[in-house]
Amino acid sequence: MKAAIFREYEAPVEIAEVARPELQDGSVLIEVHAASLNPIDNILRAGYLRQMLELSFPHVKGYDVSGTVVEVGKDVKSVEVGDEVFARPNQMDAGAVAEFARIQEDELAIKPANITHEQAASVPLAGLTAWQALVTKGNIKEGDKVLVHAGSGGVGTVAIQIAKHFGAFVATTTSGKNADLVKELGADLVIDYTTQKFEDELSDYDLVIDTIGGETLAHSFEVLKKGGTMVSVKSQDNDNLAEKYGVHFEWFFMSPDGKMLAELAKLISDGTVKTVIDSTFAMDQAADAFDKLATGRAVGKIVVTVK
Ligand SMILES: NC(=O)c1ccc[n+]([C@@H]2O[C@H](COP(=O)([O-])OP(=O)(O)OC[C@H]3O[C@@H](n4cnc5c(N)ncnc54)[C@H](OP(=O)(O)O)[C@@H]3O)[C@@H](O)[C@H]2O)c1
């Protein structure tokens, strides 16, 4: 099958022929229609995480996938051949920018019928990260004041909408050019981080979702009320600021979860959550898609159409 691969750390992305993934018990094989990219794809390619996660080569890129089930493994009960599904597969099954992908049954959900495969592929990793940050780690509740950093990014665009669904007041940071978009997604207060300091504008927040780290994370502690919660998907609290400010701190790596993705799918089906796509590339242009990702300026998600 054709897949977007790289042959060693720091090597360019290329399209090559590789073996199809093999079906396993408890998994399905899907024909991929679309995949989306995430910053982790370029982080892994650069080799930054090789101490934690040694890759094998050629490495097939991509964690977010949407497609049609073409083979069903033993013990799989909830889906059949022909079903349209989307998923964030686990590390062993990752390899979304490819003609076929293997997905474990408990990591997939039925694709919402009201969106395209491109839109569906934009959801799983960023959407599950936003859900796990706000709900699982952040215990968001109605009336909470929530700050979502980088509201125009893949995680931020979904996080704003989930936080509004839970009845929160949502402030978000982005640059001025994206202000209208984040307001349309539901943000109540927009801070242009290029001209304003969010820590001067906000106070007494219940929850902050940090996707930036560094100084942004450090200053974010200042806007929390005592007993509030800081959830970072970017950095650890190396300076023990949570203790200094009397708040909770959580840092985590998102995990695949088909049931949670199905919850998100319901919110997409009823129009509560809308997908935001920055750009769509043909499979042959996958290398350009990864270059675009590397700019860090995507508004929503970068998608590759495979079929
Ligand atoms: N731990 C985990 O499990 C996990 C999961 C998912 C993501 N992450 C991490 O979370 C981060 C965000 O991921 P993503 O997919 O949302 O990235 P992304 O889509 O590439 O984010 C791009 C967006 O970030 C905005 N941005 C950049 N610098 C900013 C700043 N200083 N303040 C506010 N907004 C800023 C940009 O807006 P402008 O153009 O207006 O600047 C752009 O719209 C990445 O570092 C990723 O690795 C971690």
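The values are calculated or read from the model by the stated rules, or taken from the named source; none is laboratory data. What you see is a predicted model, and the numbers here were worked out from it, not measured in a lab. Neighbour counts are summed over all protein chains in view; Cβ atoms, including those assigned to glycine, are modelled from backbone coordinates with ideal geometry.
Brief remarks follow.
- All positions within segment 207-227 that are outside any helix (DSSP H, G or I) and aliphatic (A, V, I, L, M): L207, V208, I209, I212, L224
- Residues (crowded, with 18+ Cβ neighbours inside 10 Å and over 16 Å from G153 (Cβ atoms)) located in segment 220-240: F221, V223, L224, G228, T229, M230, D237
- Segment 129-164: number of residues that are more than 15 Å from T229 (Cα to Cα), basic (K, R) and not in a helix (DSSP H, G or I): 0
- The set of residues in segment 257-307 being among the basic types (K, R), part of a helix (DSSP H, G or I) and within 24 Å of I103 (Cα to Cα) consists of K259, K266.
- The set of residues in segment 126-164 that are away from the ligand (no atom under 14 Å from the Cβ) and either surrounded by fewer than 21 Cβ atoms within 10 Å (Cβ to Cβ) or closer than 19 Å to L37 by Cα (or both) comprises V135, N139, K141, E142, G143, D144, K164.
- Index of the failed condition, Q51 passing every other in (1) over 30 Å from L224 (Cβ atoms); (2) of a type outside the set (D, E); (3) modelled with pLDDT of 95 or more: (3)
- Single unsatisfied condition, D75 versus (1) within 24 Å of I43 (Cα to Cα); (2) out of contact with any Leu (no Cβ under 8 Å at 6 or more places or on another chain): (1)
- Residues satisfying the stated conditions in segment 1-12, i.e. surrounded by fewer than 21 Cβ atoms within 10 Å (Cβ to Cβ) and either in contact with a helix residue (DSSP H, G or I) (Cβ under 9 Å, 6 or more places away or on another chain) or of a type in the set (V, I, T) (or both): K2, Y9, E10, A11, P12
- Residue count for segment 64-103, restricted to those that are surrounded by fewer than 20 Cβ atoms within 10 Å (Cβ to Cβ) and touching a residue at least 60 places away in the same chain (Cβ under 8 Å): 2
- Segment 165-197 - residue that is part of a loop (DSSP other than H, G, I, E, B), small (G, A, S) and within 14 Å of the ligand (Cβ to nearest atom) and, of those, surrounded by the most Cβ atoms within 10 Å (Cβ to Cβ): A187
- Check on G300, within 11 Å of the ligand (Cβ to nearest atom), surrounded by fewer than 21 Cβ atoms within 10 Å (Cβ to Cβ) and not polar (S, T, N, Q): no
- Scanning segment 41-61 for residues that are touching a residue at least 40 places away in the same chain (Cβ under 8 Å) and not polar (S, T, N, Q) turns up D41, R45, R50, L55, F57, P58, H59, V60, K61.
- In segment 22-58, the residue that is nearest to the ligand (Cβ to nearest atom) out of those that are over 23 Å from the mean Cα position of the chain (by Cα), surrounded by 12 or more Cβ atoms within 10 Å (Cβ to Cβ) and on the phi < 0 side of the Ramachandran plot is P58.
- Considering (1) out of contact with any His (no Cβ under 7 Å at 6 or more places or on another chain); (2) within 16 Å of T157 (Cα to Cα); (3) touching a residue at least 12 places away in the same chain (Cβ under 8 Å), the lone condition that E184 does not fulfil carries the number (3).
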